[in-house]
Amino acid sequence: MYLPPFPLLGGLLAWATVYFLGFKKQKWAELILGAVAFILAMVVQNPIQQLPLIGIGIRSNADVIARGTVFTLGVALWLGLVAGFVQEGVKYFLVKDKSPNTALFVGLGFGIMEVLLIVITPIIAVAAAGGKLDVPALQALLSMVERYFAVLFHVGTTVYLAYAARNGFGKKGFLMMAILHGFVDTIAAYAQFLFLENKVLAMKFTIGLEVIFAVIAIALIAYTLPLARIEEPEEEKVIW
């Protein structure tokens with residue numbers, strides 16, 4: 001099956017979920033701010049993740065696998081924690097002075113921009129190399145489910161960051177969300193490495209990961225959306 005429509009559909013379904021759960025008035029400036037935040041996070045995150053690996057001679061995932069299981073787990077942990085701390089750090093900086101309601105749309109814009117990057121990047125890469133983006137049906141469906149919960153995850157963590165900052169435990173809230181994000185991304189990174197060794201095992205591992213991710217995302221949304229429904233007396237304005 002042709003892959004790109006599936007993660008895109010997952011992102012749109014997450015947006016629709018937020019809409020039908022009571023957030024029908026869209027805050028477009030905050031959505032755009034969230035999209036810009038994701039781009040900024042990637043500009044910071046990718047060099048931090050990749051430069052140390054390049055420095056020790058790692059050029060591909062195959063190079064990681066070749067150095068053994070312990071090294072592979074270490075790299076997955078590194079990639080996951082950097083992603084967690086950088087992405088949640090950027091979001092925290094942008095929403096620490098905003099209401100949870102406003103932060104929800106920053107998180108939504110962040111998640112949707114990530115979906116667009118995931119959809120567009122392979123299309124460009126395959127177009128340049130002349131290959132195909134066809135994958136098994138199960139893998140395509142998993143990509144849709146993964147993006148659905150990823151967008152909700154970004155919404156939940158961003159709302160929590162704003163709520164924590166408003167209630168005097170912003171740094172603690174940031175640390176909690178960064179570690180949680182890092183945990184999820186560590187497992188996801190290891191799953192990618194595992195695909196090079198054993199595709200059948202990797203697919204089972206990925207399904208298990210999606211179950212864990214779904215539970216985390218649903219718990220976050222269940223806890224944070226009631227906080228985001230509380231409107232502030234005065235709406236904040238996005239400062240560009």
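Remarks
- Lone unmet requirement of (1) free of Cβ contacts under 8 Å to residues at least 40 places away in the same chain; (2) touching a helix residue (DSSP H, G or I) at 6+ places or on another chain (Cβ under 8 Å) for L117: (1)
- Test: residue in the stretch 184-201 that is touching an Asp or Glu at 6+ places or on another chain (Cβ under 8 Å) and not β-branched (V, I, T): no
- Number of the condition not met by A165 [criteria: (1) surrounded by fewer than 18 Cβ atoms within 10 Å (Cβ to Cβ); (2) touching a helix residue (DSSP H, G or I) at 6+ places or on another chain (Cβ under 8 Å)]: (1)
- Test: residue in the stretch 102-123 that is farther than 21 Å from G11 by Cβ, in contact with a Lys or Arg (Cβ under 9 Å, 6 or more places away or on another chain) and part of a helix (DSSP H, G or I): no
- Taken over the stretch 185-235, the residue count meeting the criterion of being of a type in the set (D, E), at pLDDT below 90 and part of a helix (DSSP H, G or I) is 1.
- Any hit, the stretch 167-184, residues being closer than 14 Å to P7 by Cβ and assigned to a helix (DSSP H, G or I): no
- Looking only at residues in the stretch 161-196 that are of a type in the set (V, I, T) and out of contact with any Gly (no Cβ under 6 Å at 6 or more places or on another chain), the one that is nearest to S99 (Cα to Cα) is I179.
- The residue that is nearest to the chain's Cα centre (by Cα), counting only those in the stretch 35-67 that are small (G, A, S) and open to solvent by 30 Å² or more (accessible area, probe 1.4 Å), is S60.
- Some residue of the stretch 74-81 being free of Cβ contacts under 8 Å to residues at least 40 places away in the same chain, surrounded by fewer than 19 Cβ atoms within 10 Å (Cβ to Cβ), of a type outside the set (D, E, K, R) and under 27 Å from M176 (Cα atoms): yes
- Among the residues of the stretch 121-144, those identified as in contact (Cβ under 8 Å) with a residue 12 or more places away in the chain and of a type in the set (V, I, T) are I123, V135.
- Leading residue by the ranking (nearest to L108 (Cα to Cα)) among those in the stretch 213-227 that are loosely packed, with under 13 Cβ neighbours inside 10 Å and not small (G, A, S): P226
- Cross-chain or 6+ apart pairs with Cβ under 8 Å, the stretch 1-12 first and buried (at least 19 other Cβ atoms within 10 Å of the Cβ), then hydroxyl-bearing (S, T, Y): L3/S143; F6/S143; P7/S143; G10/S143; G10/Y148; G11/Y148
The values are calculated or read from the model by the stated rules, or taken from the named source; none is laboratory data. Since we're looking at a predicted model, the values are computed, not measured. Heads up, the Cβs are rebuilt from the backbone with ideal geometry, glycines too, and the neighbour counts pull from every protein chain shown. Surface areas here come from the heavy atoms of the whole protein model, side chains and all, with no ligands, DNA or RNA. Shrake-Rupley method; radii C 1.70, N 1.55, O 1.52, S 1.80 Å.
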